[in-house]
1. How big is the chain in terms of Cα radius of gyration and Dmax, in angstroms?
2. Using square roots of five times the C-alpha gyration tensor eigenvalues, list the equivalent-ellipsoid semi-axes of segment 51-115 in whole Å, biggest first.
3. Can you tell me, using C-alpha contacts under 8 Å and at least 6 residues apart, the relative contact order of segment 58-112 as a whole percent?
4. From the backbone phi of segment 44-50, what are the Karplus-calculated ³J(HN,Hα) couplings (6.51 cos²θ - 1.76 cosθ + 1.60, θ = phi - 60°) in whole Hz, Gly and Pro given as x?
5. Under unit Cβ charges (Lys, Arg +1; Asp, Glu -1), what dipole magnitude, rounded to 20 debye, does the chain have relative to its Cα centre?
6. At 1.4 Å probe size, put Lys87, Lys76 in order of accessible surface, largest to smallest.
7. Between beta-carbons, use under 12 Å as the cut-off and find the net charge around Gly107, counting Lys and Arg +1, Asp and Glu -1.
8. Before I look further, what does the chain give for accessible area per residue, probe 1.4 Å, in whole square angstrom?
Amino acid sequence: QVQLVESGGGLVQAGGSLSLSCAASERTFSTSHMGWFRQAPGNERDFVAVISRSGSNTFYADSVKGRFTISRDNNKNTVYLQMNSLKPEDTAVYYCAAKASGLIVFGARAYDYWGQGTQFTVSS
């Protein structure tokens with residue numbers, strides 16, 4: 001298991017923007033698809049976005065499509081989630097996750113490594 005470390009959580013006004021980041025080990029980062037998930041109180045851990053190992057392909061949940069952008073920086077072994085036009089419904093604990101290269105899957109259980117999570121709150 002390799003620890004993933006998220007940062008960038010906090011409080012932002014509705015309609016605002018914020019960027020989350022997740023740092024991983026070089027080995028994990030270079031061999032994994034990197035995804036973001038979120039979990040609100042009482043809810044399951046839901047898929048948000050994923051970027052392929054190569055960085056060539058990205059996929060988003062319908063609820064964030066057009067507002068969120070996932071990217072990765074191979075030099076920094078870091079994946080980012082740029083969040084724009086934020087809504088109170090985006091409030092959740094956000095988790096970074098890594099999946100061994102292969103099929104891109106949206107289910108949380110398919111991912112191998114997880115960060116500790118970072119709380120992100122959007123105020124109205």
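1. 13.2, 40
2. Semi-axes (√(5λ), whole Å): 20, 14, 12.
3. With pairs under 8 Å counted, the relative contact order is 22 percent.
4. For segment 44-50, the Karplus curve yields 6, 7, 9, 5, 10, 7, 8 Hz.
5. Approximately 200 debye in magnitude.
6. Descending accessible area places them as Lys76, Lys87.
7. +1
8. Per residue, the chain has an accessible area of 51 Å².
The values are calculated or read from the model by the stated rules, or taken from the named source; none is laboratory data. Bear in mind that the values here come from a model prediction, so they are computed numbers and not experimental data. Positions of Cβ are generated from backbone atoms using ideal geometry, with glycine treated the same way; all protein chains shown enter the neighbour counts. Side chains are part of the model used for accessible areas, which takes the heavy atoms of the whole protein and leaves out ligands, DNA and RNA. Shrake-Rupley method; radii C 1.70, N 1.55, O 1.52, S 1.80 Å.
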